[in-house]
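Chemist: My structure is below; once you've seen it, I'll send some questions.
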Amino acid sequence: MQHVGSYYAASANAHEPWPELQESIQCDVCIIGGGFTGLSSALFLTEAGYDVVVLEAAKIGFGASGRNGGQVVNSYSRDVDVIEQRYGKDVAKMLGSMMFEGAEIIRDRIDRYAIACDYRPGGIFAALNQRQMGHLRSQKTNWARYGNHDLELLDERGIRREIATDRYVGGLLDKRGGHLHPLNLALGEAEAIRRHGGRIYEQSAALDVKYGTPHRVKTAKGEVSATFVIFAGNAYLPAQLEPRLSRKSMPCGSQIITTEPLSRDQALGLLPNNHCVEDCNYLLDYFRLTADNRLLYGGGVVYGAREPDDIEALIRPKLLRTFPQLKDVKISHRWSGNFLLTLSRMPQFGQIEKNAFFMQGDSGHGVTCTHLSGKLIAEVLRGQAERFDAFAKLPHLPFPGGRRFKVPLTAMGAVWYALRDRLGV
């Protein structure tokens, strides 16, 4: 399998290919999945001296890691105030202390390994009504409690200076957020893993895992014997490979389009400070400029990861509601990708067998959470499990309706929240 026909695949950095596994090999750690979760884990572990093998079923960054909106968004899909209400102050304090760490890890990786991925600082949460604006005021207070003071509330005049639209009543600028080319970040991290002696195999899907001492992971043409196994496939992990991981999560699709290149004046006329933007709706829209001055725009969720028949027909009307001045601009790329949703909207970490771990379900906040999870699993293998366990102890709740009805029931719930967003209540 090759990368989908996305803007990212069309503009990916040149790189040396990785081979297919065609023999039986041994290592300390076998990681299943070559997206950000697997790459972050592998890079932290190879830096610490572990012998690591990454098995990727298709190409590095094939899944959500190479297809997403490219936004570096802090915190989790449920913010620290919700975490405190649900799980208590001690849990909120521990998770809150980590909620800006993923973005710091990304910036460190880019600097340390000179990864060319078009990173630009600054992300805006845009409010469509006063209820959402009130939430952003609370978010600013909550984030400041946990050390992020690089935040600026934007009133209606302020948001219009940042975004050339009259849709928003205000916003919150997070100067510790930002945006980048995610596939090039993934490819750069893979090269760093290779530099540290890690082995990566593409077109090498894990077909079966036999737990034991050592664990054995079989592919079509080879086998890996490893002391530790890490499941890092998220929405692209086959359910049959480890059914226990699919029972309490659900793949969901998101769609993105990019315009043809705009002139520099056109592009900066839309987003003068080149910040990325996501709105505050339950089913949110997100957009940003690319390095070659295209507008990249995504939005909506398809529960159950069904591929839409016409992505442009879904997303272009959203783009034009925000920027009607682009009505004559052509669309150059359109694609879909899946992320893994949990009922709580919190990541699921844990140990499924002795020396076999998993991290999954970042629920739309995967760019930053995956980089944090790689650091935490490396801490576990070095005997420091406290921070990993703070996530692992969160309840992993099943979706209502079981396998058969969880998709339609979740979609029905989303309709209710979308209606609330439209009514501003």
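The values are calculated or read from the model by the stated rules, or taken from the named source; none is laboratory data. Just so it is clear, the model here is predicted, and its values are computed rather than measured. Here the Cβ positions follow ideal geometry from the backbone for every residue, glycine too, while neighbour counts run over all protein chains shown. Calculation scope for accessible area: heavy atoms of the full protein, side chains included, ligands and nucleic acids excluded. Shrake-Rupley method; radii C 1.70, N 1.55, O 1.52, S 1.80 Å.
Chemist: Across segment 60-119, what is the number of residues that are in contact with a helix residue (DSSP H, G or I) (Cβ under 6 Å, 6 or more places away or on another chain) and of a type in the set (Phe, Trp, Tyr)?
Modeler: 2
Chemist: Would you mind finding the one in Val53, Val29 that is in a strand (DSSP E or B), under 24 Å from Ala235 (Cβ atoms) and touching a Lys or Arg at 6+ places or on another chain (Cβ under 6 Å)?
Modeler: Val53
Conditions tested, residue by residue: (1) among the small types (Gly, Ala, Ser); (2) closer than 25 Å to Ala64 by Cα.
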{"site": "Gln139", "(1), (2)": "no, no"}
{"site": "Glu162", "(1), (2)": "no, no"}
{"site": "Gly178", "(1), (2)": "yes, yes"}
{"site": "Ala186", "(1), (2)": "yes, yes"}
{"site": "Gly197", "(1), (2)": "yes, no"}
{"site": "Glu202", "(1), (2)": "no, yes"}
{"site": "Ala220", "(1), (2)": "yes, yes"}
{"site": "Val229", "(1), (2)": "no, yes"}
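Chemist: If you don't mind, another one. Can you find, within segment 310-335, the residue that is surrounded by the fewest Cβ atoms within 10 Å (Cβ to Cβ) among those that are in contact with a strand residue (DSSP E or B) (Cβ under 6 Å, 6 or more places away or on another chain) and without any contact (Cβ under 8 Å) to a residue 60 or more places away in the chain?
Modeler: The residue in question is Glu312.
Chemist: Could you please find all residues in segment 348-372 being of a type in the set (Asp, Glu) and more than 19 Å from the chain's Cα centre (by Cα)?
Modeler: Within segment 348-372, Glu353 is the sole residue that qualifies.
Chemist: Which residue, of Asn234, Asn281, Asn293, is surrounded by fewer than 22 Cβ atoms within 10 Å (Cβ to Cβ), in contact with a helix residue (DSSP H, G or I) (Cβ under 7 Å, 6 or more places away or on another chain) and closer than 21 Å to His181 by Cα?
Modeler: Just one listed residue meets the conditions, Asn293.
Chemist: Still on this structure: Could you check segment 191-227 and list, in sequence order, the residues that are open to solvent by 10 Å² or more (accessible area, probe 1.4 Å) and assigned to a helix (DSSP H, G or I)?
Modeler: Glu191, Arg194, Arg195
Chemist: Right, here's the next one. Which of the residues that make up segment 301-332 are touching a helix residue (DSSP H, G or I) at 6+ places or on another chain (Cβ under 6 Å) and among the small types (Gly, Ala, Ser)?
Modeler: Result: Gly304, single match.
Chemist: Report, by residue number, each residue of segment 297-330 that is of a type in the set (Val, Ile, Thr) and under 27 Å from Tyr236 (Cα atoms).
Modeler: Passing the criteria: Val301, Val302, Ile311, Ile315.
Chemist: One residue is enough: does segment 33-49 have a residue meeting the conditions more than 22 Å from Pro214 (Cβ to Cβ), in a loop (DSSP other than H, G, I, E, B) and not aromatic (Phe, Trp, Tyr)?
Modeler: Yes, segment 33-49 contains a residue that is more than 22 Å from Pro214 (Cβ to Cβ), in a loop (DSSP other than H, G, I, E, B) and not aromatic (Phe, Trp, Tyr).
Chemist: I want to confirm something. Restricting to segment 108-139 and keeping residues that are basic (Lys, Arg) and touching a Gly at 6+ places or on another chain (Cβ under 8 Å), which single residue is nearest to Thr46 (Cα to Cα)?
Modeler: Arg109
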